[in-house]
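The values are calculated or read from the model by the stated rules, or taken from the named source; none is laboratory data. The structure presented is a predicted model; accordingly, all values stated were derived computationally and were not measured. Counting neighbours? That spans all protein chains shown, and the Cβs are built from the backbone with ideal geometry, glycine included. For the accessible areas, the whole protein counts, side chains as well, though only heavy atoms, and no ligand, DNA or RNA atoms are used. Shrake-Rupley method; radii C 1.70, N 1.55, O 1.52, S 1.80 Å.
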Amino acid sequence: MQDFLWENQSSVSEFILLGFSKDSQINAILFNIFLFLYLSTLVGNGLIVTVIHLDSRLHTPMYFFLSVLSLLDVSYVTTTVPQMLVHLVCQKKTISYIGCVAQMYIFLVLGITEGWLFSVMAYDRYVAICYPLRYKVIMSPWLCGAMVVFCGLWGVSCSLVYTVFTMRLPYCGPNEINHFFCEVPAVLKLACADTSLNDQVDFILGFILLLVPLSFILASYIRIFATILRIRSAQGRLKAFSTCASHITVVTMFCGPAMFMYMNPGANASPERDKKLALFYNVISAFLNPIIYSLRNKDVKRAFLKLTGRGRTTE
């Protein structure tokens, strides 16, 4: 792998990330917006991890997975947004060849891991609602940890395939990437070779990494909704459904744009559309996740109020 990386680097030593606009005023506005989103994402996800860690009542599988999701979101946006912020206010918008490879790989690892984590979270809800009396036995700490490791291994291995197949191609110029970070579809447009094999690999991996987890999620929720409909009281049905609504919303925001991007042939891809899609599933979803889970979750709100010293007034 090292040989072809250095071979390619001899022809193109760095890339230029064009970002969103060449207008300095527009970039200044975008800088303030994205800085706000980034800091809010760090604070929001950081609070969720802190609250879950400090409140013993939240030491359950569901909140364990939620804390892992928050850590992934923080790492996910940190891979792309700080560099994007620098490029919005600086004239130099370059990234080294090795830096581009590293950013691409880390971004894919975190994204793929998060995609599979959503299916694990759906399974957790399935067990909690369909087998409530056996929930603690089935969802043991060992199993929860093993499932998170499984998600991470999928991310590490499949991201390597994505990155190797992308960066094995010759890049002899031009070196301007019409994107705000080194994402696979945008980088492939600069290859000085036929990318049809890459399009096929991307489609197959997209099927495995997006549609397979989504199928697990769909199967889990079919069983969940069937169980909810058998609950006699309307209040019980509403409570059971509310525990799933946040997860369904987050999965839709993340997987929808990602599936559209990575399962679409490169020739049909629009750079401007791809940037908006990437912005949505990379930045916006990570920003909204803490809000969605906090606003719809009484346990998290109660734990946060307790942490800030206002818990007694609400109990």
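Region 74-101 and region 151-177 have Cα centres separated by 17 Å. Between region 277-297 and region 192-223, the alpha-carbon centres lie 22 Å apart. GNM remark for the chain: springs join alpha carbons under 10 Å apart, and the peak mean-square fluctuation among R230, R302, R57 falls on R230.
Measuring with a 1.4 Å probe in the full set of protein chains, what accessible area per residue, in whole Å², belongs to region 193-258?
Numbers: 3600 Å² over 66 residues.
Heavy-atom SASA per residue in region 193-258 reads 55 Å².
Ranked from the most accessible area to the least, with a 1.4 Å probe and all protein chains present, what is the order of W154, W116, W142? Intermediate values should be presented prior to the final figure.
Working: W154 70, W116 15, W142 195 Å².
Sorted descending by solvent-accessible area, the residues read W142, W154, W116.
Check every DSSP H run in the chain and write down those whose alpha carbon atoms cover 24 angstrom or more along the long axis and whose mean Kyte-Doolittle hydropathy is 0.5 or greater. Helices passing the filter in the chain: 24-54, 61-89, 97-130, 141-167, 212-229, 234-262. Seen from every direction in turn and averaged, the convex hull around the alpha carbons of region 5-130 projects onto 10.1 nm². Labels on offer are (i) 6, 25, 31, 22, 12, 4, 1; (ii) 6, 24, 34, 25, 9, 2, 0, 0; (iii) 5, 14, 11, 10, 9, 9, 8, 8, 7, 6, 5, 4, 2, 1, 0, and the one holding P(r) over Cα pairs in 10 Å bins from 0, in percent computed from this structure is (i).
Using Cβ point charges alone (K and R +1, D and E -1), the dipole size of region 88-195 about the Cα centre works out to roughly 200 debye.
Calculated FRET efficiency, C192 and K22, Cβ-Cβ r, R0 25 Å, to nearest 0.05? Don't skip to the answer; put the middle values down first.
Values: r = 25 Å, r/R0 = 1.02.
Efficiency computed from Cβ-Cβ geometry: 0.45.
Once a ≥ b ≥ c are taken as the square roots of the eigenvalues of the Cα gyration tensor of region 58-182, is the result rounded (a/c under 1.5), prolate (a/b larger than b/c) or oblate (a/b not larger than b/c)?
The shape class here is prolate.
Positive end of the dipole of the chain (Cβ unit charges, origin at the Cα centre): among S40, L71, I129, the Cα lying farthest that way belongs to I129.
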